[in-house]
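Accompanying notes for the structure given below.
The values are calculated or read from the model by the stated rules, or taken from the named source; none is laboratory data. These numbers come from a predicted model, not from an experiment. Glycine gets a Cβ as well: all are built from the backbone with ideal geometry, and neighbour counts include every protein chain shown. When the accessible area is computed, the model is the full protein with side chains, heavy atoms only, and any ligands, DNA or RNA have been set aside. Shrake-Rupley method; radii C 1.70, N 1.55, O 1.52, S 1.80 Å.
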Amino acid sequence: MSLRDIAVRVEASPASRIGGIRPILHEIRTLLAALIDTGRGGSIDLRSLPLSPADFEALDAALGEGEVRATIRALGETRVTETAIHGVWRVTHCNDGGEAVADLIEVCDAPEILKTHAADARVGLAKLRTRLEPG
Amino acid sequence: MHEPETLGDVLAKRGVSRRGFLKYCATLASLMALPPSVAAQMADKLTRATRQSVIYLSFQECTGCLESLSRTHSPTLEGLLFDLISLDYQETLLAAAGHAAEEARANAMRANSGKFVLMVDGAIPLKDGGVYSTIAGRTNIEILKEAVPHAAAVIAVGTCSSFGGLPHANPNPTGAVSVGTLMEKGLIERKPLINVSGCPPIPVVISGVVAHFLTLGTLPELDGYGRPKVFFGDTIHDRCYRRPFYDQGKFAKTFDDEGARNGWCLYELGCKGPTTYNACATAKWNGGVSFPIESGHGCLGCSEPDFWDAGSFYAPLPAPRAPLSAAAGAAIAVGVAAGAAVGLAGLYKRKKAQQAHTKLTVDDLETEKKP
Ligand code: SF4
């Protein structure tokens, strides 16, 4: 059982809306324009901002859901979704109790964590070789 | 001679992929308030580093600090701390006891002399020759005197070893002091000292300090209290998600009124967030579930010196709140528009926390608000 199973939730009541999401949307716009012009986008660490649960909901609503949704299982789940704004991704890292430990907006072609690292590819190759060994 | 095992090797053996490690570094970067883009570089450097030898000594303490550090089972995100370090001596976790345990410490110290990081939790009693806390018939101060000269650096884990903590609280019957005080008084050798305060401290802050050491080869920059600025550079108030309510003057007056239900600011219920430097608001507790303020209780200020003796936990900080002026409100709006990633918190904290890093008082907050 994880702490998530305890039936107490932070309610996202409208009264707890802080209204801090417009500046974030402006920053995303700047990063996206930079991605198009220079090939380099950037990321925003949502945890470093004082956002209430209601603000998180408002941000998700403003960005919408896009075409890609991926789940990575490495030391707990990581949820990667492209928002309805192409090139703008939500990356949420969870620990293995399912609790979010880092929450990022990434403005890029594809988030780094989706890619296979060369070291992991070498591990994969070694595995495949073993499997192809006769006997 | 065989090459020492790198962290990358250790992780690969345990089935942790680079994705897992990248994720760990993204979490650390977020906590250290570093730009998210450095996570990939950190992951790269760390995988090539070797594990850091650590000797951990416990003195006048409640074991809460060790509990905080070790409450996870590996491999988990938080458990990666134990992959960064080679914990060569920790008596509570050690299988051996008695003479064998004492010998284990001596061996670990000899084998890694000059290279190990000494972690200390608990205060050190000095009254009556230090008799109030002894291990195997030896006082804490004796053990520390012996270990410190061999250490590369000392990390004081928790408020007791950083500032004296509960044992040091008035009337301090055992004459308890911090590791820093012992160094200042010349009672133990001076070594680079990092205070990771908190009652208990946030586990990932410890691994962050070790990661900093391993990636950059240096100890992190410290504040006036010897705490790493990357984690203790902001007050809880700076990063608190209830902060906009403070700015708007919306306060819970009791723990069950409408304001409390709406998640308003807990200042008037005794929250010590404005004068407390720590990373709880971003790192959070119990694997990222929440932190005291998110659970509806004000901050106690547990990472600050003498917080036990700072009056009632439920009395508001002693300064009247001036109403927020229109000009200050506008300044906050400009701060936000200027860079959301720096965030709503950015107004006064950079100046205060990164320049002199003197303790922020409520008076400072009031002054900052004036146009
Ligand atoms: S006083 Fe406490 S609850 Fe209110 S904003 Fe500051 S840290 Fe948060």
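Okay, here's what the table says:
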{"quantity": "Directionally averaged shadow of the range B:129-286, computed from the convex hull of its alpha-carbon atoms, nm²", "calculated": "12.1"}
{"quantity": "Estimated FRET transfer efficiency when R0 is 56 angstrom, pair residue B:10-residue B:254 (beta carbons, to 0.05)", "calculated": "0.65"}
{"quantity": "Other-chain or far-sequence residues with amide H under 5 Å of residue A:65's (modelled H)", "calculated": "A:84"}
{"quantity": "For the range B:51-231: lysine pairs under 20 Å (alpha-carbon distance), excluding those fewer than 8 apart on one chain", "calculated": "7"}
{"quantity": "Ranked by how many other beta carbons lie within 10 Å on average, peptides B:252-260, B:13-21 from highest", "calculated": "B:13-21, B:252-260"}
{"quantity": "Stretch gain in nm, segment residue B:103-residue B:41, where the contour uses 0.36 nm per residue and the Cα spacing is subtracted", "calculated": "18.3 nm"}
{"quantity": "Interface burial for A against B (accessible surface, 1.4 Å probe, total of both chains, Å², rounded to 100)", "calculated": "3400"}
{"quantity": "FRET E, pair residue B:50, residue B:131, Förster distance 51 Å, beta-carbon r, rounded to 0.05", "calculated": "0.80"}
{"quantity": "Anisotropy class of the range B:51-231 from Cα gyration tensor, a/c 1.5 cut", "calculated": "rounded"}
{"quantity": "Residues whose placed amide H lies under 5 Å from that of residue B:177, excluding near-sequence neighbours", "calculated": "B:124, B:126"}
{"quantity": "Accessible-area composition of the range A:89-135, carbon plus sulfur, in percent [1.4 Å probe]", "calculated": "56"}
{"quantity": "Simple spin-label estimate for residue A:33 and residue A:121 in nanometres, 7 Å along Cα-Cβ", "calculated": "3.6"}
{"quantity": "Loop trypsin sites (Lys or Arg not before Pro), the range A:22-102 (other Cβ atoms within 10 Å of the site Cβ: 11 or fewer; DSSP)", "calculated": "A:40"}
{"quantity": "In order through the range B:182-195: 3J(HN,Hα) via Karplus (6.51 cos²θ - 1.76 cosθ + 1.60), integer Hz, x for Gly, Pro", "calculated": "4, 5, 4, 7, x, 7, 9, 5, 7, 9, x, 10, 10, 9"}
{"quantity": "Computed FRET value (nearest 0.05) for residue A:84 with residue B:297, which takes r as the C-beta separation and R₀ as 35 Å", "calculated": "0.35"}
{"quantity": "Under 14 Å, Cβ to Cβ, from residue B:98 - net charge with Lys/Arg +1 and Asp/Glu -1", "calculated": "-1"}
{"quantity": "Cβ neighbours within 10 Å from other chains - mean over A:46-58", "calculated": "6"}
{"quantity": "Average Cα contact separation per residue, the range A:14-132, under 8 Å, 6 or more apart, as relative contact order %", "calculated": "22"}
{"quantity": "Per-selection metrics, the range A:14-132 (Cα): Rg and Dmax in Å", "calculated": "16.8, 61"}
{"quantity": "Occluded residues from the range B:29-56, i.e. those whose accessible area drops by 50 Å² or more once the chain is not alone (1.4 Å probe)", "calculated": "B:30, B:36"}
